[in-house]
Amino acid sequence: MPRCMLRLVHAEKLVDAALELAAAGLQATEISRRLGVPKSTVQYWCRGGRRFPRASELCMPCPRCHEAPLAEPSYSYLLGTYLGDGHITTPRPTTAVLAIYCADDWPGVSAETERAMRAVMPHSNVSRAARTGCHALRSSSRHWLCLFPQHGPGMKHARSIVLQPWQQVIVDDHPGQLLRGLFQSDGCRNVNWTQKRTEAGLVRYEYPRYLFSNKSEDIRAICEAALDSLDIAHRPPRRDLVSVARRASVARLDELVGPKY
Ligand SMILES: [Zn+2]
């Protein structure tokens, strides 16, 4: 169904829902809060008006403001990509724009990110803005601020990044999705090598490993906690890196993340 039709169906259901709530005795203020519709529109419907609000008048339902359902696995993944390569701007007081930067080299990752943005905020379009070697996937809704309360001025590594309890519950339920988002944005799977001394002398030995690189100590800690919750061994080979190199742990990440594509 085209998006404009979805909006229309959504608007029609809203009128019915508002009238049901009014019949149950709720005040217009409470109906407005629950449905994300201006109070004046609710009052107009209660007086018998049936004009549907324009899309710009509707405040789209939000999992935080209006108890709208949230696609939690997609949210956990998108949280990972946001912490890795995303940021939010507020061009107007009523709007926020979530932008996730994706390298042009990995069209599969970009498509997966776009699907997650649409699943988490189904009423907002996702657009693409080209940059050198990468592109930004952008979606506008003031509720991105509700879903990613880590938004703040300055770089992420220069401020505290702490998950709220409701986010932690989702991450605890879907740690693999969070890791997928983190490693696809700020991580990689590559081949490292070392030398082993054998009877025949020094032998070069190669092994696959995953690296996650982020300047924010808090974001690295979020990554490490998710790895711990899945018993995936890791270590910090450098201050801003998390490395997963043990064979069993790499195999587990191959199931959850895999190479970029
Ligand atoms: Zn909201």
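Since every read-out is calculated from the coordinates, none of them should be taken as a lab result. Quick caveat: nothing in here was measured; it's all calculated off a predicted structure. Quick reminder, even Gly has a Cβ in these numbers, built from the backbone with ideal geometry, and neighbours come from all protein chains shown.
Tell me, what is the FRET efficiency for residue 202 and residue 254 to the nearest 0.05, using R0 = 30 angstrom and their Cβ-Cβ distance as r? Write out the running numbers ahead of the final one.
Numbers: r = 29 Å, r/R0 = 0.95.
Using R0 = 30 Å, I get an efficiency of 0.55.
Using Cα-Cα distances under 8 Å and only pairs 6 or more residues apart, what relative contact order does the stretch 19-153 have, in percent?
Numbers: 170 pairs, mean separation 26.9, N = 135.
Across the stretch 19-153, relative contact order equals 20 percent.
Counting only C-alpha contacts under 8 Å and six or more residues apart, can you give the relative contact order of the chain as a whole percent? Kindly include the intermediate steps, with their values, before the conclusion.
Values: 388 pairs, mean separation 40.6, N = 261.
RCO, the chain: 16 percent.
In a shell of Cβ-Cβ distance under 11 Å around residue 98, excluding residue 98 itself, what net charge do Lys and Arg (+1) and Asp and Glu (-1) give? Kindly include the intermediate steps, with their values, before the conclusion.
Values: positive: 138, 142; negative: none.
Neighbourhood net charge equals +2.
Which length gain, in nm to one decimal place, applies between residue 231 and residue 173 when the Cα-Cα distance is subtracted from 0.36 nm times their residue separation? Spell out each step's value before the answer.
Details: separation 58, 0.36 × 58 = 20.88 nm, distance 1.47 nm.
Contour length minus Cα-Cα distance gives 19.4 nm.
Around residue 66, with a cut-off of 10 angstrom between Cβ atoms, what is the net charge of the other residues, counting Lys and Arg +1 and Asp and Glu -1? Before the final figure, lay out each step's value.
Details: positive: 33, 34, 64; negative: 67.
That sum, taken over residues with Cβ under 10 Å, equals +2.
Starting from the 7 Å offset along Cα-to-Cβ, what nm value, one decimal, do you get for the label separation of residue 50 and residue 16?
Each label point is offset 7 Å from its Cα along the Cβ direction, giving 1.3 nm.
Counting each DSSP H run of 4 or more residues in the chain as -39500 (n - 2.57), what helix-only mean residue ellipticity at 222 nm follows after dividing by all residues, to the nearest 500 deg cm²/dmol? Display every interim value, and only then the final one.
Details: 10 runs with 113 residues, N = 261.
Theoretical 222 nm ellipticity from helices: -13000 deg cm²/dmol.
Count neighbours as other Cβ atoms within 10 Å of each site's Cβ, and list the trypsin sites (Lys or Arg not before Pro) in the stretch 37-142 that are DSSP loop with at most 12 such neighbours.
Values: sites: 39, 47, 50, 51, 54, 64, 115, 118, 128, 131, 138, 142; in loops: 47, 50, 51, 54, 64, 142.
In loop regions of the stretch 37-142 (DSSP not H, G, I, E or B), the sparsely surrounded trypsin sites (Lys or Arg not before Pro) are 47, 50, 51, 54.
How much net charge surrounds residue 155 when only other residues with a Cβ under 15 Å from its Cβ are counted (Lys, Arg +1; Asp, Glu -1)? Don't skip to the end; give the middle numbers.
Values: positive: 156, 159, 215, 220; negative: 85, 186, 217, 218, 240.
Residues near residue 155 contribute -1 overall.
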